[in-house]
Amino acid sequence: MTDTRIKTPWHLWLVGVVAVLFNAIGAFDHVMSLTQGARYMASAGMTPAQIAHYQEMPLWMHVDWAVGVWSAMLGSVLILLRNRLAFPVFAVSLAAFLLSLIYTYALTNGGEIMGPQMAITSAVITALLIVFMGYAWWMARRGVLR
């Protein structure tokens, strides 16, 4: 038997670092929202109605938010560690984020409260999660992620 090692492509480091940096924003936002609450949200430019929308979320949405944010961060680190679990972890993050969009736009008037900027931000987050998840799938399929 031969031990064939797949060389790590340069773009894995680029995608992994970009994913970590991007998802660190969400992790920071989550931690600050939990620890400083309305004060942090107001300092980020949120209106009182937007802050109230976040503060009135049911427990399951807070859990969903945490799962989405921290699984995205974990998936990013797993890419850098060349671990094939990056793909399913990003899939969990995407599913959690899509559930939060259902809550915001279908189950509440959150889309109206948050405004068009949040819709753009949500589209960017969705697209990047799909890109990171697809990249992890591609690298696992090529044998780069083990």
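Ligands, DNA and RNA left out, the accessible area of the chain computed with a 1.4 Å probe is 71% carbon and sulfur.
Please calculate how many Å² of accessible area the chain carries per residue, with a 1.4 Å probe and no DNA, RNA or ligand atoms counted.
Values: 8510 Å² over 146 residues.
Using a 1.4 Å probe on heavy atoms only, each residue of the chain averages 58 Å².
If you take Rg and Dmax of the Cα atoms in Å from the coordinates, which of (1) 17.2, 65; (2) 18.0, 54; (3) 28.9, 83 do you get? Computed from the coordinates, Rg and Dmax of the Cα atoms in Å corresponds to (1). When the Cα positions of Thr35, Leu14, Ile102 are compared along the charge dipole of the range 1-103, Leu14 comes out farthest toward the positive end, with charges on each C-beta of Lys, Arg, Asp and Glu. Compared with the direct C-alpha span, the chain from Thr121 to Val77 gains 13.6 nm at full extension, assuming 0.36 nm per residue.
Return the calculated 222 nm mean residue ellipticity for the chain, to the nearest 500 deg cm²/dmol, obtained by summing -39500 (n - 2.57) across DSSP H runs with n ≥ 4 and dividing by the residue count. It would help to have the intermediate numbers written out before the result.
On the way: 6 runs with 112 residues, N = 146.
Using -39500 (n - 2.57) per qualifying helix, the result is -26000 deg cm²/dmol.
To the nearest 0.05, what FRET efficiency results for Ala91 and Leu34 with a Förster distance of 22 Å applied to their C-beta separation? It comes to 0.35.
Amide H contacts under 5 Å for Arg84: Arg146, restricted to partners 5 or more places along the chain or on a different chain, H placed in the peptide plane at 1.01 Å from N.
Would you mind checking the tilt of helix 86-102 against the longest principal axis of the Cα atoms of the chain, expressed as 0 to 90 degrees and rounded to 10? So the helix axis and the longest Cα principal axis differ by about 20 degrees.
Projecting the Cα atoms of Pro116, Trp60, Leu78 onto the charge dipole of the range 56-146 (Cβ charges, centred on the Cα centre) puts Leu78 farthest toward the positive pole.
The values are calculated or read from the model by the stated rules, or taken from the named source; none is laboratory data. Because the structure is predicted, anything quoted here is derived from the model rather than measured. Note: ideal-geometry Cβ built from the backbone for every residue, glycine included; neighbour counts use all protein chains shown. Protein only, heavy atoms only, side chains kept; ligands, DNA and RNA dropped before computing areas. Shrake-Rupley method; radii C 1.70, N 1.55, O 1.52, S 1.80 Å.
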